[in-house]
Amino acid sequence: HFFPNETSIPPLLNSTQCNWDSFRNLSGCHAGEKVDGLSNLKKYFQYFGYINNTSNFTDDFDEALKSALETYQKNFNLNVTGELDDFTVQQIVRPRCGVADIVNGTSTMNSGKSNTSSTRFHTVSH
Amino acid sequence: YTLFPGEPRWPQSKRDLTYAFNPDNNLSDEVKSVFARAFDRWSTVTPLTFTVTTSANSADIKIGFYNGDHGDGEPFDGVLGTLAHAFSPPNGRFHLDGAESWVVSGDVTKSTSNTAVDLESVAVHEIGHLLGLGHSSVVESIMYPSISSRTKKVELASDDVEGIQYLYGANPSYNGSATTSASRETSDGGEA
């Protein structure tokens, strides 16, 4: 659907819900819990490269999900809690590119350094 | 910035790239001009040039809007969620979700619709993938993976420029004026 300007979108589309909106219900979940919908979240993380390929996703908040969350939080400059805190859930449901963040198991999005500017400066100084 | 595994890029013999639109989409000239502007942003900082062609089969880059499952194993998911995807060089496929409310011109940040997505912002990002850039953790960069609705972010950040110039070198005419800090224009609460 193309709209020539910002005011031409019909009001009906305002109420449209995104597939990922259900993830908002998972806010507050942490390791050890079993909650309906976590299996779908695991599929989300698999799609974007944070969980290795597997077809057996359960609703358990297991180590694989915790590890995926920690990597995701690092990549998106969030506090690395390993839990589904509000900030993380808000980031997860945000519209995004469909290209995976981690390709072939290699994550280079964020080296884990807290300040990319200092990283760049370090490189320049060499 | 990041690169795809193996650092794929368009070969030295391919510095003048062509792009074509899926003829089935029947895109207007106004929509096509959005992509032209997006390509210009990358050609400004590199030796690469981009020329539109009507020959969809022979074009280096093939752009199309699709709904749901469109045959590449990466089905689109309807409104918001996944907005678009593109393949690393030299594949050239650039797909956008036809279900989105694509805003072609005007100030998307003033939209009252929480589904309004700025087409140029997404196009600039996906062209980065087509040229070999992966996602970046630098929030201000074009290659940051997510973009809220009602947000416009089209200016290359220094992180983007460094990445693309690592792959292709600099445009001799480039004066190095990429933004070094937040470059996006966004509305408050632009989240979907």
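The values are calculated or read from the model by the stated rules, or taken from the named source; none is laboratory data. These figures come from a predicted structure and were not determined experimentally. Cβ sites come from the backbone with ideal geometry, for glycine too, and all protein chains shown count toward neighbours.
Looking only at region B:85-108, count how many residues are β-branched (Val, Ile, Thr) and either part of a strand (DSSP E or B) or more than 8 Å from every other protein chain (Cβ to nearest Cβ) (or both). Matching residues across region B:85-108 total 1. Scanning region B:49-72 turns up no residue that is facing another protein chain (nearest Cβ under 8 Å), touching a Gly at 6+ places or on another chain (Cβ under 7 Å), closer than 26 Å to residue A:17 by Cβ and not hydroxyl-bearing (Ser, Thr, Tyr). Scanning region B:36-65 for residues that are of a type in the set (Gly, Ala, Ser), under 21 Å from residue B:11 (Cβ atoms) and in contact (Cβ under 8 Å) with a residue 40 or more places away in the chain yields B:43, B:58, B:59.
Note on region B:109-127: residues that are within 9 Å of residue A:5 (Cβ to Cβ) and within 18 Å of the chain's Cα centre (by Cα) amount to 0. Considering each residue of region A:107-115 in turn, none proves to be within 8 Å of chain B (Cβ to nearest Cβ), part of a loop (DSSP other than H, G, I, E, B) and modelled with pLDDT of 95 or more.
The rows are residues; the columns are (1) at pLDDT below 95; (2) outside any loop (DSSP other than H, G, I, E, B); (3) of a type in the set (Phe, Trp, Tyr).
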residue	(1), (2), (3)
B:47	no, no, no
B:50	no, yes, yes
B:56	yes, no, no
B:59	no, no, no
B:128	no, yes, no
B:135	no, no, no
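For region B:137-154, a tally of residues being assigned to a loop (DSSP other than H, G, I, E, B) and more than 7 Å from chain A (Cβ to nearest Cβ) returns 8. Only a single criterion out of (1) modelled with pLDDT of 90 or more; (2) surrounded by fewer than 20 Cβ atoms within 10 Å (Cβ to Cβ) is not satisfied by residue B:186, namely (1).
Is one or more of the residues making up region B:104-116 within 18 Å of residue B:128 (Cβ to Cβ) and touching a residue at least 12 places away in the same chain (Cβ under 8 Å)? Looking for residues that are within 18 Å of residue B:128 (Cβ to Cβ) and touching a residue at least 12 places away in the same chain (Cβ under 8 Å), one finds none in region B:104-116, hence no. Checking each residue in region B:109-121 for being more than 23 Å from residue A:23 (Cβ to Cβ), at the interface with chain A (Cβ under 7 Å from one of its Cβ atoms) and touching a strand residue (DSSP E or B) at 6+ places or on another chain (Cβ under 8 Å) picks out only B:111.
Counting the residues of region A:79-106 that are part of a loop (DSSP other than H, G, I, E, B) and away from chain B (no Cβ under 11 Å) gives 7. Residues in region B:18-42 that are buried (at least 18 other Cβ atoms within 10 Å of the Cβ) and within 17 Å of residue B:142 (Cβ to Cβ): B:34, B:35, B:38, B:39, B:41, B:42. The single residue among B:69, B:77, B:24 that is without any contact (Cβ under 8 Å) to a residue 24 or more places away in the chain and out of contact with any Asp or Glu (no Cβ under 9 Å at 6 or more places or on another chain) turns out to be B:69. The residue of region A:48-73 that is surrounded by the fewest Cβ atoms within 10 Å (Cβ to Cβ), among those that are over 15 Å from residue A:31 (Cα atoms) and among the small types (Gly, Ala, Ser), is A:55.
For region B:1-35, give me each residue that is of a type outside the set (Phe, Trp, Tyr), over 20 Å from residue B:100 (Cα atoms) and in contact with a strand residue (DSSP E or B) (Cβ under 9 Å, 6 or more places away or on another chain). Result: B:2, B:3, B:5, B:9, B:15, B:16, B:17, B:18, B:20.
Of everything listed in (1) farther than 16 Å from residue B:42 by Cα; (2) crowded, with 24+ Cβ neighbours inside 10 Å; (3) among the hydroxyl-bearing types (Ser, Thr, Tyr), the single unmet condition for residue B:109 is (2).
Would you check if residue B:82 is within 16 Å of the chain's Cα centre (by Cα) and away from chain A (no Cβ under 14 Å)? Answer is no for this residue.
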